[in-house]
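The values are calculated or read from the model by the stated rules, or taken from the named source; none is laboratory data. Note that the structure is predicted; figures quoted are calculated from it, not measured. Every residue, glycine among them, receives a Cβ derived from its backbone with ideal geometry; neighbour counts consider all protein chains shown.
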Amino acid sequence: MIYSLLFFFLFLFSGPVFSAEIVQASYASQEVLQSVYEGKKPELILKFCQGEEFPLLFNSESSFFSFHDLSDGEMPYYIKLKQDLYMRCSSEGVLLLSLDQKEWKTFLELFTGEFSIGFQKDDFNQPVLEISLDLHKKSR
């Protein structure tokens, strides 16, 4: 009976939740980031901390339009996190996100919001494409 309980607790506490390693994303190497995104390190959790700012790199190439940056390689836009966000990738390559490290969901399961595109004129009377994203955590 004692051995059964011992094996049960060893099994319980040896799961992936307790063997997870958390790495602050801003300090992770390119190799670590790549291995996480490829699903090679499902036990590794990337933490994006509240208040941190990350450069935004946007790429798009399609038969309809392409996006290119005129800022000479400088990152003109940054994303500032308003709360901690955790990210990991399953061994099947599914990107999972969490706000509390307990519930892990895909982007579409965790967030909801609105995406809109419009046109306006800038200070030089040139047309400007305006892209807006209003993103919120889904309520249960």
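Across segment 119-140, the number of residues qualifying as part of a loop (DSSP other than H, G, I, E, B) and exposed (fewer than 10 other Cβ atoms within 10 Å of the Cβ) comes to 7.
Would you tally the residues in segment 92-105 being under 19 Å from Gln34 (Cα atoms) and surrounded by 12 or more Cβ atoms within 10 Å (Cβ to Cβ)?
Step one: list which residues in segment 92-105 are under 19 Å from Gln34 (Cα atoms), which gives 92-97.
Okay, now just the ones that are also surrounded by 12 or more Cβ atoms within 10 Å (Cβ to Cβ), so 94-97.
Number of matching residues: 4.
Only residues that are outside any loop (DSSP other than H, G, I, E, B), out of contact with any Lys or Arg (no Cβ under 9 Å at 6 or more places or on another chain) and not acidic (Asp, Glu) were counted across segment 37-66, and they come to 5. No other residue among Asp100, Asp72 is modelled with pLDDT under 80, out of contact with any Lys or Arg (no Cβ under 7 Å at 6 or more places or on another chain), more than 16 Å from Tyr27 (Cα to Cα) and acidic (Asp, Glu) apart from Asp72.
Beta carbons closer than 6 Å, at least 6 apart along the sequence or on distinct chains, never pair a first residue in segment 53-79 that is surrounded by fewer than 10 Cβ atoms within 10 Å (Cβ to Cβ) with a second that is modelled with pLDDT of 80 or more.
Under the condition of being surrounded by fewer than 16 Cβ atoms within 10 Å (Cβ to Cβ) and at pLDDT below 95, the residues counted in segment 36-49 number 5.
Output the qualifying pairs, or none if there are none: Cβ atoms under 6 angstrom, residues six or more apart or on different chains, first residue in segment 110-130 and closer than 30 Å to Tyr86 by Cα, second residue surrounded by 10 or more Cβ atoms within 10 Å (Cβ to Cβ) and β-branched (Val, Ile, Thr). Hits for this filter: zero, empty list. Report yes if Ser139 is closer than 28 Å to Phe67 by Cα, out of contact with any helix residue (DSSP H, G or I) (no Cβ under 9 Å at 6 or more places or on another chain) and either at pLDDT below 90 or of a type in the set (Gly, Ala, Ser) (or both), otherwise no. Against the criterion (closer than 28 Å to Phe67 by Cα, out of contact with any helix residue (DSSP H, G or I) (no Cβ under 9 Å at 6 or more places or on another chain) and either at pLDDT below 90 or of a type in the set (Gly, Ala, Ser) (or both)), Ser139 does not qualify. Among residues of segment 79-118 being outside any strand (DSSP E or B) and among the acidic types (Asp, Glu), the one that is nearest to Pro55 (Cα to Cα) is Asp84.
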